[in-house]
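Take a look at the structure set out below.
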Amino acid sequence: MRKGMILAVVGSMLWGLSGTISQYLFTHYQVATLWLTAFRLLTAGAILSASGLVRQGRQALSVFASRRDRVALVIFALAGLLTCQYSYLNAIRCSNSATAAVMQYLAPLYILLYGCLAAGRRPHADETLCIVMALAGVFLLATHGRLGSMVLSSQGLLWGFLAGVTACLYQTLPYKLMRTHGSLPIIGWGMLIAGAVLALAGRVWTIWPTLDATGWLCVAGIVLIGTVGGYGLYLTGVTAIGPMTASLVSAVEPLTATVVMCLWLATPLAAMDWLGLGLIMATVLILNRPAARRS
């Protein structure tokens, strides 16, 4: 459990840093979201898959032996990795790395709402409080508390919401596969499949960006730090501590993104932004209390 917690925390910090680097790329180089998503998935997937083959040999291919596991892997790659990465990067492009990270952090709330609907029950008192707090936090981020004025674009809200929903999928879909076959090959093959499908479907070679040395250094940081490192450490931690506990410790992702964004990019955040971020993060902390996990 301790090792899993540490891995999840460090992985989340790397995600937060990677998100801010992505914001820098979007701002200074106008890189297409489609190209960046496909490139990072393909490159990181190739690195992780090759690493799995070197470390585990034929065992790294065990997921392809069963038709059921092959199907589950493709579902994880497309419904989890591809959709989450694309929506998250679009949320950054339409808002900023801190807002995108905290909107994605609402994933446990969506899991709660789905659980209530599936069970046909009303939310408990503390769950209702969390829903109200989350809505208030999103309202403050979007309007700064002023009815009739939108500070955050509707596209930013939409992509942030989708990032949170798809984050639920990438945290839960690979759980059984990773417990059976290990985290490294599942993450590697999943990224490789997702990147290949997106690259071919989006014809990314037609939207290749013009980057200088700094731009390519940023891309390398996103691939190695935020994708290979972030996903590898975080999802390995998930196999040890479970997706719900991992979602709690991943609070360091929006914190890291906010701090790095303010210090490095000098992106200003108003008092209402800080209040909205705090309300949303407190929501997930309350949901993860033992009393809040009852069904």
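Accessible area per residue, 1.4 Å probe, Å², for segment 160-247: what's the number?
Details: 3410 Å² over 88 residues.
Accessible surface, normalised per residue, equals 39 Å².
For segment 169-258, give the percent of accessible area contributed by carbon and sulfur heavy atoms, probe 1.4 Å, rounded to a whole number. The partial results should precede the final answer.
Details: 2410 of 3430 Å².
The nonpolar share, carbon plus sulfur, comes to 70 percent.
What part of the accessible area of segment 73-133, given as a whole %, is carbon or sulfur when the probe is 1.4 angstrom? Walk me through the intermediate numbers first.
Working: 1570 of 2240 Å².
Of all accessible area on segment 73-133, carbon and sulfur atoms account for 70 percent.
Which value, in debye to the nearest 20, gives the size of the charge dipole of the chain about its Cα centre, when Lys and Arg are +1 and Asp and Glu are -1 at the Cβ? Numbers along the way, then the final one.
Numbers: 18 positive and 6 negative charges, 190 e Å.
Value, rounded to 20: 920 debye.
Tell me the per residue accessible area of segment 1-138 using a 1.4 Å probe; a whole number in Å² is fine.
On the way: 6030 Å² over 138 residues.
Using a 1.4 Å probe on heavy atoms only, each residue of segment 1-138 averages 44 Å².
Measuring from the lowest to the highest alpha carbon on each principal axis, how far does segment 77-200 reach, largest first, in angstroms?
Extents along the principal axes: 48, 36, 19 Å.
Go ahead and estimate [θ] at 222 nm for the chain from helices alone: -39,500 (n - 2.57) per DSSP H run with n ≥ 4, summed, over the residue count, rounded to 500.
On the way: 15 runs with 213 residues, N = 295.
Value at 222 nm, helices only: -23500 deg cm²/dmol.
Ignoring ligands, DNA and RNA, what percent of the 1.4 Å accessible area of segment 1-62 is carbon and sulfur?
Carbon and sulfur together cover 66 percent of it.
Filter the trypsin sites (Lys or Arg not before Pro) in segment 168-238 down to the DSSP loop ones having no more than 13 other Cβ atoms within 10 Å, then list what survives. Before the final figure, lay out the partial values.
Numbers: sites: Lys176, Arg179, Arg203; in loops: Arg203.
For trypsin sites (Lys or Arg not before Pro) across segment 168-238 that sit outside H, G, I, E and B with at most 13 neighbouring Cβ atoms in 10 Å, the list reads Arg203.
Just how much of Leu113 is accessible, in Å², when a 1.4 Å probe is used and the result is rounded to the nearest 10?
Surface accessible to solvent at Leu113 totals approximately 70 Å².
The values are calculated or read from the model by the stated rules, or taken from the named source; none is laboratory data. Treat the numbers as computed from the prediction; the structure is a model and nothing was measured. Cβ atoms come from the backbone with ideal geometry, glycine included; neighbour counts cover every protein chain shown. For accessibility, only protein heavy atoms count, side chains too; no ligands or nucleic acids. Shrake-Rupley method; radii C 1.70, N 1.55, O 1.52, S 1.80 Å.
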